[in-house]
Amino acid sequence: MLTVLLLTAVLLAIGFVGFAITILIKKNGKFPELHIGKNKHLQEKGIGCATSQDKMEQAKAKKSHQFKQYTLLEKELNSL
C-alpha cells in the first residue's frame with residue numbers, strides 16, 4: 001500500500017515539474033486559453049461559448065424589455 005502511494009506521489013511530482021518546465025520554456029509563460037469563446041479557430045467558424053451567448057441574449061432582452069416575469073399562478077391562469 002505504501003509503495004502505491006509513493007509511486008503516485010512521484011508520478012504527480014513529475015507531472016508538476018513537467019508543467020513548470022513548459023511554462024518556463026514557453027514564450028509568454030502562460031497556460032493556453034481553454035475557454036471556447038477565446039479560441040481563434042472556433043471564432044472563425046462562428047462557434048462560441050453557450051454560457052456567454054446566453055448572457056448576451058439575456059442582456060439584449062433586458063435592454064429591449066421583451067420579457068415579462070410571470071409567477072406560476074399567472075401562467076396557469078393565462079393558459080386556461
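The conditions of being surrounded by 10 or more Cβ atoms within 10 Å (Cβ to Cβ) and at pLDDT below 85 are met by residue 36.
Listed residues 21, 25, 47; which is β-branched (Val, Ile, Thr), surrounded by 10 or more Cβ atoms within 10 Å (Cβ to Cβ) and at pLDDT 80 or above? Give the steps one after another, and end with the answer.
On the way: 25 fails: surrounded by 10 or more Cβ atoms within 10 Å (Cβ to Cβ); 47 fails: at pLDDT 80 or above.
That would be 21, the only listed residue that is β-branched (Val, Ile, Thr), surrounded by 10 or more Cβ atoms within 10 Å (Cβ to Cβ) and at pLDDT 80 or above.
The values are calculated or read from the model by the stated rules, or taken from the named source; none is laboratory data. Fair warning: this is a prediction, and the values are worked out from it, not measured in the lab. A quick note on method: Cβ atoms are made from the backbone with ideal geometry, for glycine too, and the neighbour counts reach across all protein chains shown.
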